[in-house]
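Chemist: Below are the structure tokens for one structure; questions will follow.
The values are calculated or read from the model by the stated rules, or taken from the named source; none is laboratory data. All of these numbers come straight from a predicted model, not from anything done at the bench. Positions of Cβ are backbone-derived with ideal geometry, glycine not excepted, and every protein chain shown enters the neighbour counts. These accessible areas exclude ligands, DNA and RNA; they are computed on the full protein's heavy atoms, side chains included. Shrake-Rupley method; radii C 1.70, N 1.55, O 1.52, S 1.80 Å.
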Amino acid sequence: MQKCGLKEPDIEESFTHSGGPGGQKVNKTATAVQLRHIPTGVTVKCSRTRRQAMNRFFARRQLCEQLERLNSDTTQELTPAEKRTRKIRKQKQRRKRRSPSKEQS
């Protein structure tokens, strides 16, 4: 957080029910973490794990990545998540071209 210039007083933190996989335990406890960077208004919600402490860590890391992306001069750099998304889209397009269309059979 120090590298990206993020300070704890600038963050507004709230906890919500996460839902999704994890069963009844996840639906009853507030494990999802929502962070809001007050100066920029950037909001991040994380419910990756069933543990609130881990979600707090992941949410702060995600917030740092987004703030670095906003502050970076070059817009050509992609985050690892964007690289993964582009790779999957490219693979799907390739598969679509290769597979014979259902109308021919």
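Chemist: Going through ARG36, ARG61 one at a time, which residue ends up being surrounded by 16 or more Cβ atoms within 10 Å (Cβ to Cβ) and among the basic types (Lys, Arg)?
Modeler: ARG36
Chemist: Would you pick out the residues in region 56-73 that are over 17 Å from THR31 (Cβ atoms) and touching a strand residue (DSSP E or B) at 6+ places or on another chain (Cβ under 6 Å)? Steps first, answer last, please.
Modeler: As a first pass, look at region 56-73 and keep what is over 17 Å from THR31 (Cβ atoms): 63-73.
Listed by number, the residues that qualify are LEU63, GLN66.
Chemist: In the chain, which helices (runs of 4 or more DSSP H) lie fully inside it and hold 2 or more residues that are in contact (Cβ under 8 Å) with a residue 12 or more places away in the chain and not aromatic (Phe, Trp, Tyr)?
Modeler: Details: elements: 24-28, 52-71, 80-98.
Passing ranges, in order: 24-28, 52-71.
Chemist: Might you let me know whether region 53-68 holds any residue that is out of contact with any Pro (no Cβ under 8 Å at 6 or more places or on another chain), at pLDDT below 90 and of a type in the set (Lys, Arg)?
Modeler: Within region 53-68, none of the residues are out of contact with any Pro (no Cβ under 8 Å at 6 or more places or on another chain), at pLDDT below 90 and of a type in the set (Lys, Arg).
Chemist: While we're on this one: If I ask for residues that are at pLDDT below 90 and open to solvent by 100 Å² or more (accessible area, probe 1.4 Å), which ones from region 69-101 would you list?
Modeler: Listed by number, the residues that qualify are LEU70, ASN71, ASP73, THR75, GLN76, GLU77, LYS83, ARG95, LYS96, ARG97, ARG98, PRO100.
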